[in-house]
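Engineer: To start, I am sharing the structure in question, which I have written as structure tokens.
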Amino acid sequence: MEWTIVDFIYFSATRGYVLVLVSGKIKMLAEVYCEHRIQKGDTLYPVRNAEYLVNKHPGQKAKILSAQAYCKDNWESIQR
């Protein structure tokens, strides 16, 4: 399933992100590790084992560490 990034928080110390992802009517929060810059509007394309390509670029892999259904309260608490 392809996911579009609609918002994110970047943690420079770990090069990790928390993303708000949308695919159709499904909205998720995901903790992601990626060595490359991720932006709003980017699309994650599945490769295998929770690995995704950012915008189908073979050199830009993202690894999903955890995911959960989107909850506005959870997202707001992460932003603080």
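The values are calculated or read from the model by the stated rules, or taken from the named source; none is laboratory data. Note that the coordinates shown come from a computational prediction; the quantities given were computed from them, not determined experimentally. Reconstructed Cβ throughout: ideal geometry from the backbone, glycine too, with neighbour counts over all protein chains shown. Areas reflect the complete protein model, heavy atoms only, side chains present, ligands, DNA and RNA absent. Shrake-Rupley method; radii C 1.70, N 1.55, O 1.52, S 1.80 Å.
Engineer: Answer with a single label: of [x] 50, 28, 21; [y] 34, 32, 22; [z] 57, 30, 22, which was calculated as Cα extents along the principal axes in Å from the structure in view?
Structural biologist: From the options [x] 50, 28, 21; [y] 34, 32, 22; [z] 57, 30, 22, the structure gives [y].
Engineer: Once phi is turned into ³J(HN,Hα) by the Karplus curve 6.51 cos²θ - 1.76 cosθ + 1.60 with θ = phi - 60°, what whole-Hz value does each residue of the range 2-19 show in order, with x for glycine and proline?
Structural biologist: Values, residue by residue: 7, 10, 9, 7, 9, 6, 7, 10, 10, 10, 4, 4, 10, 6, x, 10, 10, 10 Hz.
Engineer: On to the next question. Given Cβ point charges of +1 (Lys, Arg) and -1 (Asp, Glu) and nothing else, what value in debye, to the nearest 20, does the dipole of the range 1-65 about its Cα centre take?
Structural biologist: 60 debye
Engineer: Now for a separate question. So how do 53-62, 13-22 stack up, highest first, on mean other-Cβ count within 10 Å?
Structural biologist: Listed from highest to lowest mean packing, they are 13-22, 53-62.
Engineer: Next up: Hey, what number do you get for the chain at 222 nm if only DSSP H runs of n ≥ 4 count, each worth -39500 (n - 2.57), divided across all residues, to the nearest 500?
Structural biologist: Rounded to the nearest 500, it is -2500 deg cm²/dmol.
Engineer: Related question: Over the chain, with every protein chain in place, what whole percent of the accessible area is carbon and sulfur at 1.4 Å, could you tell me?
Structural biologist: The C+S portion of the solvent-accessible surface of the chain is 49 percent.
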